[in-house]
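Just so it is clear, none of the values below were taken in a lab; they were calculated from the coordinates. Please read all numbers here as calculations on a predicted model, not as lab measurements. Here the Cβ is made from the backbone with ideal geometry for all residues, glycine too, and neighbour counts use every protein chain on show.
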Amino acid sequence: MKCSQPPVHSPLSTVHSLVLGSDCGLGTGDCPFLTVLLAVLGALALLTGCETPGAALADLRAPYKPDNIFLVGGKLPGDLKRVAVLPLACDQRQADLSSGRDALQPVLFAELIKTKHFEVVRISREELRRLTGREDWTGEEVLPANLLETLRKESGCDAVLFSELTEFRAYPPLAVGWRFKLMDVRGGKILWAGDEQFDAGNPAVIAGARRYQRRGQVVLDDNSGLRYAGAPPVVDIANGIIGCVAGDGQNASATQAGGWLAANSPRRFGQYSIESLLGTLPACEAVAK
């Protein structure tokens, strides 16, 4: 007795069955629009690490965009060249916030440098204590009259960034809260400020975290040949081929964990939240020569 092998379905045929049913009798060639739709849905499924169709379709949700932002004008001043970054503050009576502060302080500094809007100068806790008698400031307090001027003389900065971690939940659903304030040292004017909470219980936040997680992944073509980082998925509608994605340029198992990392790694989730909030920080306006 000869055993029959189970049929092998391509990603395109799998999505076709999910959308229309396996016995619908309608081929993709009968409807060009349907062909394109199925290809896009299949690509979404592979981009999310061959996750469930429900997870792939969930990625169609619009990602969360920070909106509790204060900004003077459309751009930062053109003569803003250097920013002194004070140590990340938090309510040290809460152990979870102290732990989150220690984990995310270097991440915040690195993300600020990546914006390339200005030179970033780090002020250490020890240095700030020597200058002001305290090792952190949130910017919400009544500031010493000479604080900004003292920081300007010590670092040559044009503005100071105050930052505070207001929430940090390291277990699912993850949550991170930030309060930022960029203050001009030449008069104390607030140039930009943000006060946001990123809660993984919000589907829009998860959608944003998943998209952030997928950036910089490496795409494989239909022959499993490495292409390049940040490329779109390979979609060959005529032959029903949709290339697969290898997470972080390593292997498929990393991609399958990609969505999980974005939603369950406190440090990675914190990094996503910082990048998202700093994305509202505009560039400096051009200075006329």
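Taking neighbour counts of Cβ atoms within 10 Å as a proxy for exposure, in what order, fewest first, do Asp67, Asp91 appear? Don't jump to the answer; show the numbers that get you there.
Values: Asp67 8, Asp91 13.
If I rank by nearby Cβ atoms, fewest first, I get Asp67, Asp91.
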Using a ≥ b ≥ c from the Cα gyration tensor of segment 78-142 (square roots of the eigenvalues), is it rounded, prolate or oblate, where a/c under 1.5 gives rounded and otherwise the larger of a/b and b/c decides, a/b for prolate?
oblate
Label zone at Glu126, where the point sits 7 Å out along the Cα-to-Cβ direction: segment 143-172 residues whose backbone N lies under 19 Å
154-155
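Provide the gained length on full extension for the span Glu285 to Arg211, in nm with one decimal, where the gain is 0.36 nm per separating residue minus the Cα-Cα distance.
Values: separation 74, 0.36 × 74 = 26.64 nm, distance 2.93 nm.
Extra length from Glu285 to Arg211 when fully extended: 23.7 nm.
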Around Trp178, under 9 Å between beta carbons, what's the net of Lys plus Arg minus Asp minus Glu among the other residues?
-3
Report, in listed order, any pair from Lys75/Lys153; Lys81/Lys116; Lys114/Lys189 with a Cα-Cα distance greater than 19 Å.
Lys75/Lys153; Lys114/Lys189
List the residues, sorted by chain then number, that are 5 or more residues from Glu119 or on another chain and whose placed amide H is less than 5 Å from its amide H.
Arg82, Val83
Under the 7 Å Cα-to-Cβ spin-label approximation, Asn146 and Thr115 lie apart by a distance in nanometres of 3.0 nm
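With a sphere of radius 15 Å drawn around the Cβ of Glu141, what net charge do the other residues whose Cβ falls strictly inside it have (Lys, Arg +1; Asp, Glu -1)?
On the way: positive: Arg134, Arg179, Lys181; negative: Asp91, Glu135, Asp136, Glu140, Glu164.
Within the 15 Å Cβ shell, the charges total -2.
Quick one: grab the alpha carbon gyration tensor of segment 112-202, order the square roots of its eigenvalues as a ≥ b ≥ c, and give me rounded if a/c is under 1.5, else prolate or oblate depending on whether a/b is larger than b/c.
Values: a/c = 2.10, a/b = 1.78, b/c = 1.17.
Taking the square roots of the gyration eigenvalues as a ≥ b ≥ c, segment 112-202 is prolate.
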Looks like segment 119-163, by Cα gyration tensor root eigenvalues a ≥ b ≥ c and the a/c under 1.5 rounded cutoff (else prolate when a/b is bigger than b/c, oblate otherwise), is rounded
Burial ordering of Tyr272, Tyr64, Tyr171, fewest other beta-carbon atoms within 10 Å first:
Tyr171, Tyr64, Tyr272
